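This report refers to the structure that appears directly beneath it.
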Amino acid sequence: MSTPETVDRRRVLRGPAATLMLCREREVLCEGPTRSAKSWSLLFKIDACARGFNGSRQLVTRQTRKSLNESILKDWRDEILWTGHPAVSKTASRDHQDLYRYDNGSEVFFAGLESMQDTASPILSTKWDRIYVVQAEETKESAWETLTTRLSSFKTPYHQIIADVNPAAPSHWINKRFNLKSKLGRRRLRFRHYDNPLFYDGDYPNGTWTKEGFEYVEGLKATLTGVRYKRFYLGQWAAADNLILENWDPEKHVVAGSMEYDEQRGWLITLPGVENPIRVFYFTAGVDWGWSPDPGAMSLWAYDSPRWHEKIRRFRVAEVVKLKWQREEWGELAEAWAGKYGVKYFSCDGSNPEAIRYFNLKLRKFASTSGAIAVKCPPIGGGHQRDRTKGSQIDLMRQGLGSPSGHQRTYLLKDAFPEGLDEELRRQGQPTCYEEEVESWSFLVRQGQDRPEGIPDDKCADHALDAARYDEVLNFARGFGRDLVDTTKASAETYGDEWARHRREKRREEERRGKYRRQ
């Protein structure tokens, strides 16, 4: 007769993880590069608190509930708890179980900060003993301060709010906040890759790297450069030198808001503090092809005026940046956007004409409605010469972020990621969206030189930025209101050839109908 397997779940904590278990300061910052055991240490303390203090209430939150599913909830259920644990639901998956209730009455609740806009949200209506904010660099200081007001359950000896952070720019609010002293106490805990027991055996520097740790760390050293090397390998709060879009300001350009459809007025964008909703005049999209290690990107932009209007504004209302998405997946997304939003143009990276033709095959069903079509992003000034420095297009992007007259054309709706952020990119220390790419997009500085060359550094990730750039160039580079036509000729026996034949047949049919009407 076989006996049940016994699993030893005792763990040995060391370094900042051990310090985190013992510290009692009211505000704690766990900072460090990706995969340095910050989140694991945080989850370990959550479980220890739930088991040790009967009836305690703890909140684990991130910018969106969906992003919790893709990251920390998997580790929570697989590494800290286990299948059959009393707190794990027998019927609900991690996507649908928000509350984990222990036998002693303790509760651990997972929620997205987007629910704070609802006054009936459990985040605001419940008293908490401990609050843990995952990827806190994504949040605003106002949200952090609001959370601190909910530390009032009194089921544990002390209250605490803990931030799990990957270093960003030195000017980030959370970095500056923890540089200041507080009467109730603030503490920084710096994690490094050798603090991860999966990556390193023993106490640094007397231990040894594991196979997994050596492979991961050497991979970071080989792929990361510049500011991302400093942030995601060294764990430093660093700002990029020679930024290309130096007038970028997340406080101005990233706005909280939502977009909804109204039967009478069409698509409307609602912004906090703005009394009247903004009516969307039309939609276009930008597409940057990719696979791996460079992801593909596609962004949807809503415009509130005709192209010729001096005060036109554009809002990024959806963005997808994904590794290893096939052409069919991008085509299905384009088809969905054309059907739902009536997107007329998809401005694409011209390096893959076959993919553009495939898009047009997927979009031809909308020829009689929105007339959706995929086109190659046009060069500024006409002709076929590509600008290697992208100078004219970059000037257009800067003007969108803020013109000399003070008009701001470009806005990004916060959390506009319908497919979620790519967690594999995040684990690799790579940017996952426009907001992250723009803070490290810099000019090339060759070795031994002090001055930049005025050419974007190819080692900087700029996939979401390229998608946004293609869309902006399509709308503004060739004058206002001029319709663009795809003039690319297709070779025989390709998707493009089939599309061209379809267009010719359609045109002949329309000519025949016109002839019969005249008779």
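Laid out as a table, the results:
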item	result
Given (1) surrounded by fewer than 18 Cβ atoms within 10 Å (Cβ to Cβ); (2) of a type in the set (Asp, Glu); (3) within 21 Å of Leu465 (Cα to Cα), number of the condition Glu310 does not satisfy	(3)
Subset of region 441-459 that is at pLDDT 85 or above and surrounded by 13 or more Cβ atoms within 10 Å (Cβ to Cβ) - its residue that is farthest from Val227 (Cα to Cα)	Ile455
Ser142 under 27 Å from Gly32 (Cα atoms) and either in a loop (DSSP other than H, G, I, E, B) or of a type in the set (S, T, N, Q) (or both)	yes
Enumeration of residues in region 426-440 that are buried (at least 20 other Cβ atoms within 10 Å of the Cβ) and touching a strand residue (DSSP E or B) at 6+ places or on another chain (Cβ under 7 Å)	Thr432, Cys433, Tyr434
Residue identified as free of Cβ contacts under 8 Å to residues at least 60 places away in the same chain, in contact with a Lys or Arg (Cβ under 9 Å, 6 or more places away or on another chain) and not hydroxyl-bearing (Ser, Thr, Tyr) among Asp129, Asp95, Asp103	Asp95
Where a residue in region 444-463 is within 12 Å of Leu243 (Cα to Cα) and its partner, wherever it lies, is of a type in the set (Phe, Trp, Tyr) and surrounded by 10 or more Cβ atoms within 10 Å (Cβ to Cβ), with Cβ under 9 Å and at least six apart	Pro452/Phe443; Gly454/Phe443; Ile455/Phe443; Pro456/Trp441; Pro456/Phe443; Asp457/Trp441; Asp457/Phe443; Cys460/Trp441
Near pairs, Cβ below 8 angstrom, 6+ apart or cross-chain, from region 245-270 (on the phi < 0 side of the Ramachandran plot) to any residue that is among the small types (Gly, Ala, Ser) and part of a strand (DSSP E or B)	Met259/Ala302; Trp267/Ala302; Ile269/Ser258; Ile269/Ala302; Thr270/Ser258
Options Val317, Val280, Val321, Val287: the member that is over 21 Å from Met397 (Cβ atoms) and at pLDDT 95 or above	Val280
Residue within region 261-278 that is within 30 Å of Pro378 (Cβ to Cβ) and either of a type in the set (Phe, Trp, Tyr) or in contact with a His (Cβ under 7 Å, 6 or more places away or on another chain) (or both) present	yes
Residues that are of a type outside the set (Phe, Trp, Tyr), more than 12 Å from the chain's Cα centre (by Cα) and modelled with pLDDT of 90 or more, drawn from region 409-437	Arg409, Thr410
Positions within region 113-153 being modelled with pLDDT of 90 or more, surrounded by fewer than 20 Cβ atoms within 10 Å (Cβ to Cβ) and within 24 Å of Pro86 (Cα to Cα), in sequence order	Lys127, Ser153
Number of the condition not met by Lys38 [criteria: (1) touching a strand residue (DSSP E or B) at 6+ places or on another chain (Cβ under 6 Å); (2) charged (D, E, K, R); (3) over 30 Å from Gly219 (Cα atoms)]	(3)
Residue among Leu243, Leu224, Leu184 that alone is modelled with pLDDT under 90 and more than 30 Å from Gly400 (Cβ to Cβ)	Leu184
Options Lys221, Lys181, Lys211, Lys230; residue that is closer than 30 Å to Ser41 by Cα and surrounded by 13 or more Cβ atoms within 10 Å (Cβ to Cβ)	Lys230
Matching residues, region 253-307, being of a type in the set (Val, Ile, Thr) and surrounded by fewer than 20 Cβ atoms within 10 Å (Cβ to Cβ)	Val254, Val255, Thr270, Val274, Ile278
Hits in region 155-198 (condition: assigned to a strand (DSSP E or B), touching an Asp or Glu at 6+ places or on another chain (Cβ under 7 Å) and under 15 Å from Phe232 (Cβ atoms))	Val165, Arg190
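The values are calculated or read from the model by the stated rules, or taken from the named source; none is laboratory data. Values in this document were obtained by computation on a predicted structure and should not be read as measured data. Heads up, the Cβs are rebuilt from the backbone with ideal geometry, glycines too, and the neighbour counts pull from every protein chain shown.
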